[in-house]
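Enquirer: Dropping the structure in here first, questions after.
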Amino acid sequence: MGGQQMNVGPGVAWIVGGGSGIGAAVARELADRGWTVAISGRRAERLDEVAAHNPSIRPYPLDVTDTRAVLATVNAIASDLGRLDLALYGAVAAVGTPPGYYEPEKFAAAFDVNFLGLVRALDPLIEVMGRQGGGQIAVIGSLAGYVGLPRGGAYAASKSALMTLCQTMRVELAPRNILVRLISPGFVKSELTSRNRYRMPMLMETDEAAWRIVDGLVRSARFEIAFPWPMAWMMKAARLLPYRLFFWLSALTLRAR
Ligand SMILES: NC(=O)c1ccc[n+]([C@@H]2O[C@H](COP(=O)([O-])OP(=O)(O)OC[C@H]3O[C@@H](n4cnc5c(N)ncnc54)[C@H](OP(=O)(O)O)[C@@H]3O)[C@@H](O)[C@H]2O)c1
């Protein structure tokens, strides 16, 4: 499966986190390419703003920490729109965890949205996609989840958890014709990054990131869509370093900002 070309025609997509940032830009890009796109998030007014772009975008307000609401939303989309070909999970909780402090409440809040929100959607999605003969589940992780760096906190830890879960699911769900994808962006302009007070190297425009994601999802079956490539390769290389060298370099980044 890895690396092979494919061409997925327009179908029905569901984007969790579709009311802003990367998710909203992906919704617009997919709709412009002929897809019907359901978008979810807590703020109905933000979903309506995105839906105003194209009549093929339909708002489904949802808080992913509510297990029953997640099940009801997946079923409502499948029933209203007839099927569900692509689910893109990109909800993220803006929880800051300062370096050196590991407050359980903050970690729980971050994992509840970033990681468990996806898990809540999985069984319902697998049920719907299994019934229709297959589909795609794509998850927005982050290059921040590749290795544990200072200041990574709950955010990077939750992204690492998403990455390993996607690796597991990729093989486990293949027999059911469900293609699992991982999206690993570097820095992209969004509500999330507008809060960052530090320098963000290679900061990418939101629409550019969305274009790369959509193109990767519809034109190839490869597991990971990672960008920008210089940063992706740097992070991949960091995983191969011996720990002594890795921690020496890592300590430099703590002092750098
Ligand atoms: N921007 C970057 O540099 C970057 C880099 C790597 C990865 N990513 C990932 O890309 C994805 C999109 O992030 P973004 O940068 O575009 O930030 P964003 O604009 O803040 O988008 C996050 C979305 O998550 C939704 N959300 C938060 N809590 C939720 C909840 N409980 N239930 C349902 N939806 C919820 C928010 O909508 P509501 O507040 O209305 O619920 C919002 O639309 C995230 O997974 C993020 O980690 C971003």
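Enquirer: Out of curiosity, is Arg222 basic (Lys, Arg) and at pLDDT 95 or above? Quick ask: steps written out before the conclusion?
Expert: On the way: basic (Lys, Arg): yes; at pLDDT 95 or above: yes.
Against the criterion (basic (Lys, Arg) and at pLDDT 95 or above), Arg222 qualifies.
Enquirer: Met202: touching a residue at least 12 places away in the same chain (Cβ under 8 Å), in a helix (DSSP H, G or I), more than 8 Å from the ligand (Cβ to nearest atom) and under 30 Å from Lys106 (Cβ atoms), yes or no? Explain how you work it out, then say what you get.
Expert: Details: touching a residue at least 12 places away in the same chain (Cβ under 8 Å): yes; in a helix (DSSP H, G or I): no; more than 8 Å from the ligand (Cβ to nearest atom): yes; under 30 Å from Lys106 (Cβ atoms): yes.
So Met202 fails the test.
Enquirer: In the stretch 72-100, how many residues are over 13 Å from Ser40 (Cα atoms), at pLDDT 95 or above and either open to solvent by 70 Å² or more (accessible area, probe 1.4 Å) or within 13 Å of the ligand (Cβ to nearest atom) (or both)?
Expert: Of the residues in the stretch 72-100, 4 are over 13 Å from Ser40 (Cα atoms), at pLDDT 95 or above and either open to solvent by 70 Å² or more (accessible area, probe 1.4 Å) or within 13 Å of the ligand (Cβ to nearest atom) (or both).
Enquirer: Of all strands (runs of 3 or more DSSP E) completely enclosed by the stretch 7-64, which ones contain at least 2 residues that are free of Cβ contacts under 8 Å to residues at least 60 places away in the same chain and either within 13 Å of the ligand (Cβ to nearest atom) or under 23 Å from Arg120 (Cβ atoms) (or both)?
Expert: Fully inside the stretch 7-64 and qualifying: 36-40, 57-59.
Enquirer: Looking at this structure, is Leu125 surrounded by 17 or more Cβ atoms within 10 Å (Cβ to Cβ) and closer than 20 Å to Thr73 by Cβ?
Expert: Against the criterion (surrounded by 17 or more Cβ atoms within 10 Å (Cβ to Cβ) and closer than 20 Å to Thr73 by Cβ), Leu125 qualifies.
Enquirer: Of everything in the stretch 52-62, what is open to solvent by 20 Å² or more (accessible area, probe 1.4 Å) and of a type outside the set (Phe, Trp, Tyr)? Give them in sequence order.
Expert: Ala52, His53, Asn54, Pro55, Ser56, Arg58, Pro59, Pro61, listed by residue number.
Enquirer: Here is a further query. Any chance the stretch 150-158 includes a residue that's on the phi > 0 side of the Ramachandran plot, part of a helix (DSSP H, G or I) and not polar (S, T, N, Q)?
Expert: yes
Enquirer: Separate question: Restricting to the stretch 157-188, and then to whatever is within 17 Å of Pro201 (Cα to Cα) and not polar (S, T, N, Q), can you tell me which residue is most open to solvent (accessible area, probe 1.4 Å)?
Expert: By that ranking, first place goes to Phe187.
Enquirer: Here is a further query. Using the structure shown, decide if Gly117 is within 14 Å of the ligand (Cβ to nearest atom), within 21 Å of the chain's Cα centre (by Cα) and farther than 24 Å from Ile137 by Cβ.
Expert: So Gly117 fails the test.
Enquirer: Here is a follow-up. Please go through the stretch 207-257 and pick out each residue that is in a helix (DSSP H, G or I) and in contact with a Gly (Cβ under 6 Å, 6 or more places away or on another chain).
Expert: Within the stretch 207-257, the first condition is being in a helix (DSSP H, G or I), and the residues that meet it are 207-219, 229-240, 243-256.
Met231, the sole residue that qualifies.
Enquirer: Also, I was wondering about something else. Would you mind stating whether Ala108 is assigned to a helix (DSSP H, G or I), closer than 23 Å to Arg42 by Cα and without any contact (Cβ under 8 Å) to a residue 12 or more places away in the chain?
Expert: So Ala108 fits the description; yes.
The values are calculated or read from the model by the stated rules, or taken from the named source; none is laboratory data. Treat the numbers as computed from the prediction; the structure is a model and nothing was measured. Don't worry about glycine lacking a Cβ; one is built from the backbone with ideal geometry, like all the others, and counts go over all protein chains shown. Side chains are part of the model used for accessible areas, which takes the heavy atoms of the whole protein and leaves out ligands, DNA and RNA. Shrake-Rupley method; radii C 1.70, N 1.55, O 1.52, S 1.80 Å.
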